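Scroll down for the structure; my scribbles are underneath it.
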Amino acid sequence: MQFEAPAAAAQPEPAAPTAPAEAGPPPAVDVPAPASEPELEEAPRPINAAPAIAPTPTLEPATGELSAEEASILAVLAQSGRADDDRTAMAVATSLERDAGDVTDVLRKLGAEGVVSGELQTASGEEIWAVTERGVRRLGAQS
């Protein structure tokens with residue numbers, strides 16, 4: 001015994017559009033606004049391309065206590081009689097007999113905490129570091 005499947009109902013083809021009965025713009029349709037903007041997809045980047053955003057250095061949180069290295073750098077900057085050229089990272093590093101890169105890193109960290117400020121520059125373009133009021137208080141608390 002063979003069963004035959006019922007024939008599929010023939011679907012009528014859509015009718016060709018006819019001329020609109022009324023001339024004018026189509027009726028307005030309400031489109032709900034998206035809940036949030038969709039994230040833009042980033043185009044693929046070449047393997048040797050520089051990063052889009054430079055990574056930010058990790059800073060330790062300000063605890064109110066200075067490390068021995070931070071305190072010694074602040075003490076050098078707080079000395080009276082130091083000229084602007086004596087307040088650069090290189091000059092401080094030379095005074096403390098430390099690596100200039102290490103001193104620069106500490107100065108940037110302290111600058112992010114508001115303990116020092118490097119807004120001025122020497123004629124050669126080096127930052128001139130100064131102890132802020134917050135730095136004076138923190139340095140005084142260490143004594």
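Numbers for the structure displayed
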{"read-out": "Percentage relative contact order, the stretch 75-143, counting C-alpha pairs under 8 Å, at least six apart", "value": "31 percent"}
{"read-out": "Placed amide H near Ile128: partners under 5 Å, 5+ positions off or other chain", "value": "Leu120, Gln121, Thr122"}
{"read-out": "The stretch 86-143 - accessible surface per residue (Å², probe 1.4 Å)", "value": "57 Å²"}
{"read-out": "Alpha-carbon centroid distance for the pair the stretch 67-84 / the stretch 125-139, whole angstrom", "value": "8 Å"}
{"read-out": "Cut-off 19 Å, label 7 Å out along Cα→Cβ of Thr94, residues of the stretch 123-138 by amide N", "value": "123-130"}
{"read-out": "Table column - 3J(HN,Hα) (Hz), the stretch 80-93, Karplus curve with 6.51, -1.76, 1.60, x for Gly and Pro", "value": "6, x, 7, 6, 4, 5, 8, 10, 8, 4, 5, 5, 5, 4"}
{"read-out": "Cα-derived Rg over Rh, computed across the stretch 73-143 with Rh taken as Kirkwood radius", "value": "0.93"}
{"read-out": "Computed label-point distance, nm, for sites Arg137 and Ala83 using a 7 Å Cα→Cβ extension", "value": "3.4 nm"}
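The values are calculated or read from the model by the stated rules, or taken from the named source; none is laboratory data. Quick caveat: nothing in here was measured; it's all calculated off a predicted structure. Because the Cβ atoms are built from the backbone with ideal geometry, glycine has one as well, and the counts that use them run over all protein chains shown. SASA here: full protein model, heavy atoms, side chains in, ligands and nucleic acids out. Shrake-Rupley method; radii C 1.70, N 1.55, O 1.52, S 1.80 Å.
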